[in-house]
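So the structure is just underneath, and the comments pick up after that.
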Amino acid sequence: MMFPQSRHSASSQQLKFTTSDSCDRIKDEFQFLQAQYHSLKLECDKLASEKSEMQRHYIMYYEMSYGLNIEMHKQAEIVKRLNGICAQVLPYLSQEHQQQVLAAIERAKQVTPPEMNSIIRQQLQAHQLSQLQGLALPMTPLPLGLSQPGVTTSSGLFSLSSLLASQAQLAKEEKASRDGADSHREEDGDKSD
């Protein structure tokens with residue numbers, strides 16, 4: 001009879017040993033799952049903040065797109081009206097002037113992509129300058145690493161780079177217009193001779 005009791009006590013010790021091992025394993029798995037849950041929750045919070053930032057950018061770009069669309073339609077209507085005015089005035093000009101005006105109109109219709117980029121930069125500069133004047137911010141640059149209150153570094157750099165590009169473009173256009181004015185004066189001088 002001793003044999004079955006010793007066997008029963010050995011199996012109960014084995015059961016206790018495996019139960020405590022199982023509890024330890026469950027505890028370890030629970031801690032692992034809890035750490036995984038915590039890291040996933042942090043990642044989820046990060047993604048939620050990125051999502052809200054993306055939505056903010058989407059709204060901003062949508063508003064810009066809508067404004068540009070309205071501006072494009074407005075400019076198209078202005079072009080139509082000016083074209084109508086030119087068509088009405090053209091017959092009253094002399095034949096020579098009519099040819100010059102028609103040639104100038106054709107040149108004006110042929111806008112190249114670099115010219116479009118230049119025009120867009122000028123409009124951006126005008127828009128940014130009006131915003132800066134509205135904010136009454138000083139135009140002097142701050143040392144690197146510092147930014148105006150309420151102006152993010154990236155938007156400040158973008159504004160600065162487009163402002164500089166626009167100023168360079170304006171200088172080129174002023175030079176070109178001066179050269180064009182000089183050539184017109186020479187042509188007028190040739191005609192008067």
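Annotation: K80 carries an accessible surface of approximately 140 Å², with a 1.4 Å probe and no ligand, DNA or RNA atoms counted. Once the Cβ-Cβ distance of E50 and L129 is raised to the sixth power relative to R0 = 25 Å, the FRET efficiency obtained is 0.15. With θ taken as phi - 60° and the Karplus curve 6.51 cos²θ - 1.76 cosθ + 1.60 applied, the whole-hertz 3J(HN,Hα) list for the stretch 49-58 is 5, 5, 4, 5, 5, 5, 5, 5, 5, 4 Hz, x standing for glycine and proline. The stretch between A35 and Q98 holds 14.5 nm of extra length on full extension. This uses 0.36 nm per residue minus the Cα-Cα distance.
The values are calculated or read from the model by the stated rules, or taken from the named source; none is laboratory data. Because the structure is predicted, anything quoted here is derived from the model rather than measured. Reconstructed Cβ throughout: ideal geometry from the backbone, glycine too, with neighbour counts over all protein chains shown. We work out accessible area using only protein heavy atoms, side chains counted, and drop any ligands, DNA or RNA first. Shrake-Rupley method; radii C 1.70, N 1.55, O 1.52, S 1.80 Å.
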